[in-house]
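This report concerns only the one structure given below.
The values are calculated or read from the model by the stated rules, or taken from the named source; none is laboratory data. Keep in mind that what you see is a predicted model, and the values were worked out from it rather than measured. We place every Cβ from the backbone using ideal geometry, glycine too, and count neighbours over all the protein chains shown. Side chains included, ligands, DNA and RNA excluded: accessible areas come from the protein's heavy atoms. Shrake-Rupley method; radii C 1.70, N 1.55, O 1.52, S 1.80 Å.
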Amino acid sequence: MKTMILIAVVLTGFALSGCSGGAETKNAEAAKPPVAVDIAAAAPRDLLESVDITGQLEPKFAADIKTEIAGLVKKVFVTQWVNVKKGQPLAQIDVAESEAIKKRAEAAVESARAALSQAQVTATRAERERERMRKLSESGLATQQQVEDANSESVSAQTRIDAARAQVRAAEEEVRQARARAGKGLVVAPMSGIV
């Protein structure tokens, strides 16, 4: 440990003594003769030495383009190394199956609406029968059983209307989903860039 301290003190002394002789060093350098140099005119030449670097260039931003629906690519609108803008169509997927599903859903809506109309007609008829049975019961021409049956049929017909309305809503939702699926057949650029 003492040896290390001694070495540090000696080195510090040498460093301080070197700083004090700055004027003498400048005079000694001024007295040195100039060094001879070769001068050449600058001219273009082939580079004889090169540096080989291996690696990969990667873009700052990248996006993998995928469709949300399965299907065959029907049409491609761009090629590689083409500039595209955000929202520009890139490809069209064959949506024939989705179109068929949409048409089937539209037919189901029409069928559900027809069932709703039929349920409304049945409910109207059941309500008229209930009212007729009530009047006949007041006149003593209908039994209590017939009045209760007419009431039950009227309530049942109203329930069938509610069920038919629910079927219409479900069928309309199927149509909306089918239209959305068919609309996903167009693949667009998610951002501006190069394909």
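Give the residues of segment 154-195 whose amide nitrogen is closer than 17 Å to a point set 7 Å from the Cα of V82 in the direction of its Cβ.
So the set is 186-195.
Viscosity 1.002 mPa s, temperature 20 °C: Stokes-Einstein D of segment 149-195 from its Kirkwood Cα radius, in µm² per second?
Reported coefficient: 149 µm²/s.
Quantify, in whole percent, the carbon and sulfur part of the accessible surface of segment 94-141 (1.4 Å probe; protein heavy atoms only).
Carbon plus sulfur share of accessible area: 50 percent.
Order I69, I101 by their accessible area, 1.4 angstrom probe, all chains in place, largest first.
Sorted descending by solvent-accessible area, the residues read I101, I69.
Segment 50-195: Rg/Rh from Cα coordinates, Kirkwood Rh?
When Rh is taken as the Kirkwood radius, the ratio is 1.46.
Give the lysines whose C-alpha is closer than 17 Å to that of K60, dropping any in the same chain fewer than 8 places away, or say none.
The reachable lysines, counting only those whose Cα sits under 17 Å from K60, are K85, K86.
Is the shape of segment 23-133 best called rounded, prolate or oblate, per the rule: a/c under 1.5 gives rounded, else a/b larger than b/c gives prolate, else oblate, with a ≥ b ≥ c the square roots of the Cα gyration tensor eigenvalues?
Prolate, since a/c reaches 1.5 and a/b exceeds b/c.
Using R₀ = 22 Å, calculate the FRET efficiency as 1/(1 + (r/R₀)^6) where r is the Cβ-Cβ separation of E173 and A91; round to 0.05.
The value I calculate is 0.15.
Under a point spin-label approximation (7 Å from Cα along Cα-to-Cβ), what is the L72-R134 distance to one decimal in nm?
Placing both labels 7 Å along Cα→Cβ, they lie 6.4 nm apart.
Could you give the length gained on full extension between V155 and S117, defined as 0.36 nm per residue of separation minus the Cα-Cα distance, in nm?
Between V155 and S117, full extension yields an extra 12.0 nm.
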